[in-house]
Each structure stands twice: as structure tokens, then as C-alpha cells.
Amino acid sequence: MADDTKNETSNQMWGGRFASGPDAIMEEINASIDYDRKLFRQDIRGSLAHAAMLETTGILSSEDCDKITHGLTQIGEEIEKGEFSFSRRLEDIHMNIEARLSDLIGPAAGRLHTARSRNDQVAVDFRLWTKEELQRTEKALTSLIEAFLDKAERHADDVMPGFTHLQTAQPVTFGHHCMAYVEMFGRDRSRVRDCIERMDESPLGAAALAGTGFAIDRKKTAEALGFREPTRNSIDSVSDRDFALEFLSIASICATHLSRLAEEIVIWSTPQFNFVRLSDSFSTGSSIMPQKKNPDAAELVRAKTGRINGALIALLTVMKGLPLAYSKDMQEDKEQVFDAAASLELSIAAMTGMIRDLAVNTTAMKAAAGSGFSTATDLADWLVREAGLPFREAHHVTGRAVALAEEKGVDLGSLSLDDLKAINEAITEAVYDVLTVDASVASRKSYGGTAPERVREQIGIWRKRL
């Protein structure tokens, strides 16, 4: 009876998918092949470079090196064709490939792991993958920036309201607004380049954590794998995941920029704003309201930011309490990076498509640009420049003019000269030259300003940079 009770309790504890008991649970929690199989190209590439180095240094015979090279090449082809059988029992991509290599070439396969460990093996695989992903991100950001430059050039003269606090502030051009995103995504692109430069070191040859007693040539493998140089400390080599954290940090900042842009597209495409329109390629309808056209692509880009930010926090939390050197916790580093990379890549591609697709309603934008007394600052500046008033006094005079215009239900340019003179005698007919939105944007000629000539200047600078 006691035995039956024990078995019943065991089944309750280990039931469901873990019916076979603790061994099944250990296999489930320990295996990473379901996601780290994504590293197969990098793993094979690292093993080929390691084998070639072992042969050059006399550690591995030419005959064994040839067998290993042919075997690894065949395994790569099998995986590419979907003919490779992955086993969760073998835990990870490294052991799956090594087991298949042993099947293909016999005992020579066992010599491949000389002077390395799975610790430095996974570190080099993951670095290679992350570096390649960063290079793809750089290209994607370049395409997005080019889309913005084209849109900015087309609309360098088209006036729209500039906002602070989402309230009309001053007139700007749509081209100038586009160039703000060029600067933002340009910084993202710069961060990607910096990250590549910082992580461009090979950990292969650090072995488990202490290096190896074999006379290997780490510079040779670093060069073969396209790294600038080998890492300089074997302990740090296997315990470092800064490159992954930095990738996720870059991804989070970039996703934040994408989300801000997506938010503006969502707002601008509403009937209340009617500034822009997305084609059917980036919109969907409603299942119940036939008039609806929803900016779903922009909304989904906005939402992806949560996944990417979550990935950064998750990996920071994994790494925060780990003693040197390697711990199994670090197996949890890849899924977050893989997911964030896929989300970022898709978001940038979707946004690039939306920007190229975007139809701009310049008439609605210009009409809105004159609302909310957006040329008030131009009146204050005129009072300083032409009437010699201190800016604080000019600000006060302008505030009174705005209050009067609001009371009359007109814009500043529609106030009569008598109305304005009643507020301050120094105001003359010439003030009307600065109270239009076109005159306002044309006057903002300071470097980096919204004047069309300055917008075109920045477009030219960025095209040279790219």
C-alpha cells in the first residue's frame, strides 16, 4: 500500500509530459537544441577553422583534418536541406554535430575537440551570429535612412505644424521632420558599428576557462573567422556576454525610435489629423466597421518594442549574479537575442516599407500649421529684431496679441494693424511679412533649422555619409 501511494505521489509530481520522472525533466530543462540549432552555420565554420589550425600546428594530421573537413561540409549540407535529424538527448547543436561527424568519419571526429571546450565553442558561435546580425541591422538601417532622405527631399518645402507636448508649437517642414528621424536612426547605425568594433574578438582557444596546454595559434583562427584579433583573457572569454547585452541595448533604443515613429503614423493617419495615408499594403480593415482603415503595421511595430525591451531586461537579469567563469545559466542567453533580432529586423523592414509607401497630405498639413497661433514666436522675434524690445517684454506683448486673436476667433495674421498698435505702438505693417507659416519656416536659417535650404543641406550631408 505504501508503495502504491508513493507511485501515485510520484505520478502527481512528475505527471503530464514528464511521465517518465526526473530524467525527463532534466532533459527538458537541459536541452537547448530546439533554439541553438540556429547556430549550426557558425558552429561548423568555427570547427572548420579550429581543425585547419590544429593541422597547421601539427596537433592534427592532414588525413584527419581532411576527414573532418569533408564530414562537417556534408553535415552543413544535410542541415540546409532539412535532412539532418536533431536529437534533444544530445542537448545542443555542438553535440548533435559532433555525434553526426562521428557517424560519418569514425574516431577522427573525436580529435576535433582537442584544445577547445564547449564553453569557448558556444562563445565563438554566438559572437559570430551576433556580429552577422549586427551587419544585417546596419544594412537595414541604411535602407530606412535612405527612404527618409527621399521623402525629406520631396517635401523639403512642405509646411506642417511642429509640436511640443503634442500641442502646435511652430511651423516646420515635413522634410525637416523626416530628417529628425534620419538623425535618430543614424545614431542607431553608429551604435551598431561601435558594437561590431568592440566585439570583434575571437574567444576560440580559451577552452573551458584557463586556456590550453596545446601549442595552438589563436590568431590564425581569429583571422580565419573574420575577427580582428583573439580575446586576451581566457576567463573573460567564456563568461562574457557583453556583446549580446550591447546588441539588445542597441535593439531596444532603435525599437524605441521605431515606436515613436509608429505612434506618429498612427496619429497622423486618423481622420482628425489626416496628414498621411498608408496604402492597403500596410493597413487592414475592420471585421464589423466597413469604413475603417487601420494602421496595423505601425501598431505592430510599436508593440514589438515591448518584446525587445523585455529581452534586454531578461538577459541583464540572467547575467547579474553569475560568478566567473561559465555557468549553465548562460544557456538562457540565446533565445532572447534571437527573438529580439527577428523582431527588430522585421520592424525596420516594415517601417522602411511604410515610409516609402506614405502618401503625405500637404494641404491638410499646411492648414494645420497655421493653427494654434504657431507664428507667435515669429512675432516676438520681430519685436526684438525690429522694434528693439527685450525678449521678455516681446514675449509679453505677443501673449497679449494671442489673447486678442483668440478672443476675436482669428489667427495672428488676421489682426488689424490698429489692433496690434493698441498693444504696442512699435508694431508696423512690416510685421505681416513674418506672420505666415511660409515666412516662418523660411526665416529659420540657423544651422540645423527648418528652412528648406537648411533641410536640403542636411540631406546632402547625409547622402555623402551613406
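The values are calculated or read from the model by the stated rules, or taken from the named source; none is laboratory data. What you are looking at is a predicted structure, and each value in this text was computed from that prediction instead of being measured. When we count neighbours, we look across all protein chains shown, and the Cβ atoms used for this are built from the backbone with ideal geometry, even at glycine. For accessibility, only protein heavy atoms count, side chains too; no ligands or nucleic acids. Shrake-Rupley method; radii C 1.70, N 1.55, O 1.52, S 1.80 Å.
Nearest 10 degrees is fine. How inclined is helix 2-14 to the longest principal axis of the chain, computing both from alpha carbons?
For 2-14 against the chain, the angle is about 40 degrees.
Tally up the carbon and sulfur contribution to the accessible surface of the chain as a whole percent, 1.4 Å probe, everything protein left in place.
Carbon plus sulfur share of accessible area: 50 percent.
What is the magnitude of the charge dipole of the chain about its Cα centre, with +1 placed on the Cβ of each Lys and Arg, -1 on the Cβ of each Asp and Glu, and no other charges, expressed in debye to the nearest 20?
The calculation lands at about 540 debye.
Hey, how many Å between the Cα centroid of the range 47-73 and the Cα centroid of the range 399-420?
84
Report, in degrees rounded to the nearest 10, the 0 to 90 angle that the Cα long axis of helix 242-268 makes with the longest principal axis of the chain.
40
For the range 369-465, with every protein chain kept in place, what is the accessible area per residue (1.4 Å probe, Å²)?
Per residue, the range 369-465 has 53 Å² of solvent-accessible surface.
Add -39500 (n - 2.57) for each DSSP H run of 4 or more in the chain, then divide by its residues: what number comes out at 222 nm, to the nearest 500 deg cm²/dmol?
-20500 deg cm²/dmol, from helical runs alone.
Give me, ordered by chain and number, the residues 5 or more places off Val172 or on other chains with an amide H under 5 Å from its own placed amide H.
Met160, Gly162
For the range 238-371, what relative contact order do you get, as a whole percent, if you take Cα pairs closer than 8 Å and at least 6 residues apart?
Averaging sequence separation for qualifying contacts and normalising by length gives 36 percent for the range 238-371.
Which loop GluC sites (Glu not before Pro) in the range 20-106, with loop taken from DSSP, have no more than 11 other Cβ atoms within 10 angstrom of their Cβ?
Answer in residue order: Glu83.
Report the relative contact order of the chain, percent, no decimals, based on alpha-carbon pairs under 8 angstrom and at least 6 residues apart.
16
Rank-order 101-113, 404-416, 255-267 by packing density, defined as the average count of other C-beta atoms within 10 Å over each peptide's residues, highest first.
255-267, 101-113, 404-416
What accessible area, in Å² to the nearest ten, does a 1.4 Å probe give for Tyr35?
40
Angle between the Cα long axis of helix 452-465 and the longest principal axis of the chain, 0 to 90 degrees, nearest 10?
The two axes meet at around 20 degrees.
Filter the trypsin sites (Lys or Arg not before Pro) in the range 310-361 down to the DSSP loop ones having no more than 10 other Cβ atoms within 10 Å, then list what survives.
Lys320
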